[in-house]
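Colleague: This structure is in structure tokens; I'll ask about it shortly.
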Amino acid sequence: MTNPKLLNQFRSFYFRNFPDDMERTIDYFSVFGGLGWNVDTSKPLSTLIIELILENFDIVNEKMDNLTLGNQNNKRLLRALAIGDRRIFSAFNRAGLNNGNGGAALKYLQEKGLIQIEYSREKAPKKSTPHNKLKREEARRRISHKVLFTQPFVRFWFYFIVPNIKEIKLHNYENILKEFEKKQNSYTSLIFEELSELLLNYNLRDTQILSSGSYWDAKIEIDILTVTHDSKIYVAECKWTNHKINKKELNKLADKCESLNIEPTQIIFFSKRGFSKELMLLQGKELALYSCENFKVLLKNNREDELIEDFII
């Protein structure tokens with residue numbers, strides 16, 4: 001499910017700050033996206049986090065408190081969603097919430113525009129005949145929808161800032177910066193996945209898309225599964241790591257497709273660090289490979305003064 005605000009935020013961030021390249025744009029956008037701040041992207045990201053966020057903690061924290069009404073259930077749920085697998089039921093458990101107070105917090109955060117629901121496309125298990133019973137494991141399994149943050153900075157705040165508030169108030173930034181350095185790639189992966197879906201949909205703009213988004217069930221997860229009106233199926237994996245994608249990843253994704261009994265029209269990989277020579281030789285009609293610089297196409301046909309963005313602060 002494409003985040004309708006994300007593309008506009010991404011364009012706005014780029015045309016406001018003009019980072020040197022797309023990798024830097026994605027890295028910095030994953031932290032400051034949605035804020036509408038001018039960011040000096042020539043500085044290291046850790047320096048900007050200190051100067052713009054940590055040194056202005058009291059001001060930003062007050063704004064974030066206003067967004068959540070200072071409600072602890074709202075904050076706990078946002079924290080759980082930021083660091084977890086985005087599934088609603090597991091986030092309730094992680095946050096110590098039940099269906100009642102967790103559902104109320106989820107509804108408020110949706111209405112406030114901080115999150116949106118990504119609905120599962122897993123099909124509920126069916127009985128082989130009306131008189132047969134489902135296996136206990138199937139009968140007890142609940143299909144859980146997921147949640148997307150509508151603005152990158154909100155997720156960054158609850159991922160890195162909230163658990164370190166006590167030290168931040170004491171101007172002790174060592175732990176949070178170490179944690180950010182350690183987890184930056186895994187944190188940025190979700191934004192990269194969302195932007196990758198936007199790029200895929202842009203490339204399919206001349207056809208009608210029936211459904212698009214991540215796919216998950218009890219056993220299998222695929223970053224992007226897009227189906228068009230002419231029954232074409234596109235499956236994609238997104239890797240925001242410091243390693244090139246190789247043929248082994250292609251085989252893994254092909255196995256997932258086989259398990260789901262689908263025959264993809266095209267398999268696609270989006271990579272921060274590019275691809276092995278072996279994989280590049282295989283690209284063609286059935287395999288497409290995209291690196292960071294391919295994301296420049298998302299900036300086309302837009303001028304800075306035409307961009308509108310919902311700023312949270």
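Colleague: Which of the residues belonging to segment 261-272 are in a loop (DSSP other than H, G, I, E, B), of a type outside the set (A, V, I, L, M) and in contact with a strand residue (DSSP E or B) (Cβ under 8 Å, 6 or more places away or on another chain)?
Modeller: Hits for segment 261-272 are Glu263, Pro264, Thr265, Lys272.
Colleague: Continuing with the same structure: Do the conditions hold for Leu54, that is, is it within 21 Å of Phe32 (Cα to Cα) and touching a strand residue (DSSP E or B) at 6+ places or on another chain (Cβ under 6 Å)? Give the derivation first.
Modeller: On the way: within 21 Å of Phe32 (Cα to Cα): yes; touching a strand residue (DSSP E or B) at 6+ places or on another chain (Cβ under 6 Å): no.
It is false that Leu54 is within 21 Å of Phe32 (Cα to Cα) and touching a strand residue (DSSP E or B) at 6+ places or on another chain (Cβ under 6 Å).
Colleague: When you check Ser144 against the structure, is it at pLDDT below 95, in contact with a helix residue (DSSP H, G or I) (Cβ under 9 Å, 6 or more places away or on another chain) and either under 24 Å from Leu298 (Cβ atoms) or of a type in the set (Gly, Ala, Ser) (or both), yes or no?
Modeller: For Ser144, the condition - at pLDDT below 95, in contact with a helix residue (DSSP H, G or I) (Cβ under 9 Å, 6 or more places away or on another chain) and either under 24 Å from Leu298 (Cβ atoms) or of a type in the set (Gly, Ala, Ser) (or both) - is met.
Colleague: Please verify whether segment 168-176 includes one or more residues that are free of Cβ contacts under 8 Å to residues at least 12 places away in the same chain, hydrophobic (A, V, I, L, M, F, W, C) and either closer than 22 Å to Lys272 by Cα or exposed (fewer than 12 other Cβ atoms within 10 Å of the Cβ) (or both).
Modeller: Scanning segment 168-176, I find at least one residue that is free of Cβ contacts under 8 Å to residues at least 12 places away in the same chain, hydrophobic (A, V, I, L, M, F, W, C) and either closer than 22 Å to Lys272 by Cα or exposed (fewer than 12 other Cβ atoms within 10 Å of the Cβ) (or both), so the answer is yes.
Colleague: Could you grab me the full set of residues in segment 5-56 that are closer than 13 Å to Pro152 by Cβ, part of a loop (DSSP other than H, G, I, E, B) and of a type outside the set (Val, Ile, Thr)?
Modeller: Lys5, Gly33, Gly34, Leu35, Gly36, Trp37 - these are the residues of segment 5-56 that are closer than 13 Å to Pro152 by Cβ, part of a loop (DSSP other than H, G, I, E, B) and of a type outside the set (Val, Ile, Thr).
The values are calculated or read from the model by the stated rules, or taken from the named source; none is laboratory data. Note that the structure is predicted; figures quoted are calculated from it, not measured. As a convention, Cβ positions derive from the backbone with ideal geometry for all residues, glycine included, and neighbour counts pool all protein chains shown.
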